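The values are calculated or read from the model by the stated rules, or taken from the named source; none is laboratory data. What you are looking at is a predicted structure, and each value in this text was computed from that prediction instead of being measured. Virtual Cβ from ideal backbone geometry, glycine too; neighbours counted across all protein chains shown. Just the protein is used for accessible areas: all its heavy atoms, side chains included, with ligands, DNA and RNA removed. Shrake-Rupley method; radii C 1.70, N 1.55, O 1.52, S 1.80 Å.
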Amino acid sequence: MDFRLTSEQEDFRKGFVAWLEKNIPDDFDPSRRRSYETEEDLKRAYIDFQKRLSDGAYAGMHYPKEYGGQGKTIVEEAIVLQTLAATCFELRWPGVITHGMAVPVIYTCGTEAQKKMFLTKIHDGTQLWSQGFSEPDAGSDVANTSTLAVRKNDHYIVNGQKVWTSFAHVSDYCLLLVRTDTGSSKHKGLSYLLVDMSLPGIDVRPMTQITGEADFNEVFFDNVKVPVDMLLGAEGQGWQIAVTTLMFERVLGDVVMGAAYEKKIEKMIAMAQLVKRSGRPALEDPIFRQQIAGAYIEVQVLKYHGLRSFSRQLKGGVPGPEGSVGKLLWSEPNQRLTEAALGVQGIFSQIMGGAPWSIQDGFWQFDFLRSKGNTIEAGTSEIQRNIIAERVLGLPKDVSRASIK
Amino acid sequence: MDISLNKTQRDIAKEARRFLKKECPMEFVKEMCEDERGFTEDIWKKMADMDWMAMRIPESYGGIGMDLMDLNMVLEEMGRTVFPGPFFSTILLAAEAIVASGSDAQKDRYLPGIADGNLRGTLAMNEPDGGADTDYIQMAARAEGDDFVLTGTKVSVPDAHVADVLVCAARTESGNDPNKGITLFLVDPREPGVSVSPLPTMDSTRKLCVVEFKGVRLGKESILGERHRGWGTLKQVLQRAQIGLSAECVGGAERVMEIATDYAKIRIQFNQPIGTFQAVKHRCAQMYLEAESARSLLYWGAWAQDYGDEKKAAVAASAVKSYCSETFTHNASGAIQVLGGTGFTLESEVHFYLKRAKGNEMALGDPAFHREQVMGLLQTNGIDK
């Protein structure tokens, strides 16, 4: 057992940190909750920065050079992503789905033509992706997907509605889960289409979240003509692709979240030094000290769980349903962490960023509200616990879902 | 980076599971609860034959000199069976302290005997006014010429009634700073003035004693390590013991999760296994989640003791101890709930786990104490990334 990076990996990390100091955009201000006022500004900043990463040979570390990657290993990728998450989470945000889902799925299941067409553009920043999974009647029950794609000559004609589609309003392409076999039910008959968002018949309507932001959208498809060569994998393979490919990515995600949350603990400690209780720094209050230490410990759990799974993957292990543990470990503790942070703020916890008396530019007000989505997005906590209970522990399926394979 | 067990560690775990399955079934645990000594010479000898006592003792003193991570393999398995007896106190408390700061003569006197199973020991640390805090040492060791005279009371001393040697922490200089004035002594509990009384305890697999010192006169050859500087050693010993105890907790937390899950598969209510219901299912999933989490944290803490720097080792030990011990309690409580009325009986084995879990949670610093340690260390050292 060894938790250390090799000396080459450590050199690489230091090199990247040094590079980052010179290449972080001037208008990015980590002390502010948001450096960019509008979605468009943020998107532009993301694209510029991704281009710099690509020019600096830090984009897609573990992908082949012919697809815009660097031909290194996933360890270098993890180092880059961890460092980015700890320094400029906001700048990377528009690319979460693009890099976390679109790239691995296209790389693993795409045709040579699809890989050539998309991967380089994603790595050099020119292309952003969204993911169309959920529907009004297919939330946790993803397999209930009813958006139809009917093949007609060289095209699929797509009709239906997606909802909670992250980044659809700023994306160029969408990874769309559709039903290609009209007679099929549940997991069978689902397929993946790579859909150009500029096609006629696509209507994107942003939905405002409890944070006041609009990362999510409703997306309507009205007789949208998608060329058949934009089918990912084979018809009917959509479910397997969704499940298997994304499990690999999830492990990397846990490692990255651990790094991002460690940064938050630092921020929380700084805040508790600043905020007073009875004239003394809140950090001297034994209850807050317990809560902050508890939050730190939970972040260490996430970090070392992530590294342990990552190490297993490096040795050729295939991530399985135990990946649900990681999902629970970055979502639920984040809610406790942000609750604790607002608790430290006390009467100031209502003051929004930018206002007089606001604390740390309203970072925690946003983060507290945003964290409520964590236990819903990417599979609810309830679904994750079902997966652990049934697929790891072997408990029987409940009657209402027993017929589902 | 490689966060996996090596072949030796996997083999140790496998052997330990096989051995304990045979030698320590629940009937044995029950018997030892009733037994005054709490263990048998027979099992102690067999364990010594397996080299378990020798694992952490240096080769030059009849041991094998293995990592704490290696010993953890055995401790996890012991946690799975609520293993009774003075193994933990002898190996992780007494032997570690002697290895860490004993003179050659002291090491010669005790370590080979511990390694081959002939000697047992423990640590007399906790005091009535210290609560669960490990750094509160006020018992006086007054200097008289070259001698020291110990007077005071130590509580919750594990297995002192069967110990051949007590590592006793006392104050040779008054004050509140643990870094100044604490000295460790090696005390024979049969020495005049020492009285050892076992207490009836909730977890009767692990006997706890009150040890009274009434004017116990010790020569300077009894001092373990440096005079007034005992805390340095004690701190290190405690960190390792906290990790070891956490390994026990992880083993126990996993085992009760299995017991609950197995039961949920076969217990029929409303014409179906109760594990079908999400309320039960999610409780089992939560136990798995916490046990896995505790294991990931434990590996970090053990590695930090074996190979990390001092700062990392300290913060990790406290984080691990608070998290893993609470996990064990959560899981033991959860298992009782899943087993329902059955889980609430003395017939069921689950109560042993709950009682041990609660004992482990409070021993060697309780979770609140350790979170405070973590907070203090984060303030002093920052977050070690």
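Listed by chain and number, the lysines whose alpha-carbon sits under 17 Å from that of B:LYS14, ignoring those within fewer than 8 places in the same chain, are B:LYS22, B:LYS46. When the label point is put 7 Å from the Cα of A:VAL228 along its Cα-to-beta-carbon vector, which residues of the range A:151-190 have a backbone N closer than 14 Å? Residues A:151-157 fall inside that zone. Taking the C-alpha atoms only, the angle from helix B:278-307 to the longest principal axis of chain B is near 30 degrees.
When the residues A:GLU382, B:GLU349, B:GLU310, B:GLU248 are ordered by accessible surface, computed with a 1.4 Å probe over the protein chains alone, the sequence from largest down reads B:GLU310, A:GLU382, B:GLU349, B:GLU248.
Which FRET efficiency, nearest 0.05, do A:ARG205 and B:GLN278 yield, Cβ-Cβ r, R0 35 Å? Given R0 = 35 Å and the Cβ-Cβ separation, E is 0.55.
Largest accessible area first, the residues A:ILE269, A:ILE47 order themselves as A:ILE47, A:ILE269 under a 1.4 Å probe with ligands, DNA and RNA left out.
Under the 0.36 nm per residue contour assumption, what length would be gained going from the current alpha-carbon distance of B:ARG142 and B:SER197 to full extension?
Working: separation 55, 0.36 × 55 = 19.80 nm, distance 2.39 nm.
Roughly 17.4 nm would be gained on extension.
For chain B, the mean residue ellipticity at 222 nm estimated from helices alone is -16500 deg cm²/dmol, where every DSSP H run of n ≥ 4 contributes -39500 (n - 2.57) and the total is divided by all residues, rounded to the nearest 500. The stretch between B:LYS385 and B:LYS214, if pulled fully straight at 0.36 nm per residue, gains 56.7 nm over its current Cα-Cα span. A cut-off of 5 Å between modelled amide H atoms, ignoring neighbours fewer than 5 places along the same chain, links A:MET197 with A:TYR173, A:CYS174.
Report for the range B:64-176 the percent antiparallel among DSSP-assigned beta bridges with both residues inside it, nearest 5. Please report the intermediate quantities before stating the final value.
Values: 5 of 10 bridges.
Among the beta bridges of the range B:64-176, antiparallel pairing accounts for roughly 50 percent.
Which positions within the range A:279-307 get 50 Å² or more of their accessible surface covered by the other protein chains, compared to the chain by itself, with a 1.4 angstrom probe? Those are A:ARG289, A:GLN290, A:TYR296, A:ILE297, A:VAL301, A:TYR304, which lose 50 Å² or more relative to the chain on its own.
Taking the Cβ-Cβ separation of A:VAL150 and A:VAL243 as r and a Förster radius of 30 Å, what is the calculated FRET efficiency to the nearest 0.05?
Values: r = 25 Å, r/R0 = 0.82.
In this case the efficiency is close to 0.75.
Note down the relative contact order for chain B as a percent, whole number, built from C-alpha pairs under 8 angstrom at least six residues apart. It comes to 15 percent, rounded to a whole number. Share of carbon and sulfur in the accessible area of the range A:131-236 stands at 49%, probe radius 1.4 Å. Taking both sides together, the accessible area buried where A meets B is about 4700 Å² for a 1.4 Å probe. The mean sequence distance of close C-alpha pairs (under 8 Å, at least 6 residues apart), as a share of the length of chain A, puts its relative contact order at 12 percent.
Protection proxy ranking of B:285-295, B:29-39, A:88-98, by the mean of other Cβ atoms within 10 Å over each peptide's residues and highest first, is B:285-295, A:88-98, B:29-39. Rounded to the nearest 0.05, the FRET efficiency derived from the C-beta distance between A:ASN159 and B:GLU221 at R0 = 60 Å is 0.10.
Which sequence of A:TRP357, B:TRP300, A:TRP19 reflects their accessible areas, 1.4 Å probe, from the largest down? Can you show the working numbers first?
On the way: A:TRP357 190, B:TRP300 5, A:TRP19 40 Å².
Descending order: A:TRP357, A:TRP19, B:TRP300.
Mean per-residue shielding of peptide A:358-366 is 0, counting Cβ atoms of other chains within 10 Å of each Cβ. Each of A:ASP137 and A:GLU339 was given a label point 7 Å from its Cα along the Cα-to-Cβ line. The distance between the two points is 3.6 nm.
Pairs of lysines in the range A:7-127 whose Cα atoms sit within less than 14 Å of one another amount to 6, provided the residues are eight or more positions apart or on different chains.
Solvent exposure of the range B:231-381, expressed per residue, is 33 Å² of accessible area, with all protein chains present and a 1.4 angstrom probe. Take each residue in B:271-280, count the other chain C-beta atoms within 10 Å of its C-beta, and the mean is 4.
Peptides A:340-353, B:44-57, B:73-86: what's the order by average Cβ count within 10 Å, highest mean first?
Numbers: A:340-353: 16.6, B:44-57: 19.8, B:73-86: 25.8.
Highest to lowest by the protection proxy: B:73-86, B:44-57, A:340-353.
Please work out the C-alpha center-to-center distance from the range A:307-328 to the range A:192-267 and express it in whole Å. Result: 21 Å between the Cα centres. Report, in whole Å, the centroid distance computed from the Cα atoms of the range B:1-46 and the range B:262-312. Comparing the Cα centres of the range B:1-46 and the range B:262-312, I get a distance of 21 Å. Number of Lys-Lys pairs in the range A:240-401 with C-alpha atoms under 21 Å apart and a separation of 8 or more places or on different chains: 15.
Can you tell me the relative contact order of the range B:7-120? Whole percent, Cα pairs under 8 Å, sequence separation 6 or more. Mind dumping the intermediate values first?
Details: 122 pairs, mean separation 38.3, N = 114.
Relative CO of the range B:7-120 lands at 34 percent.
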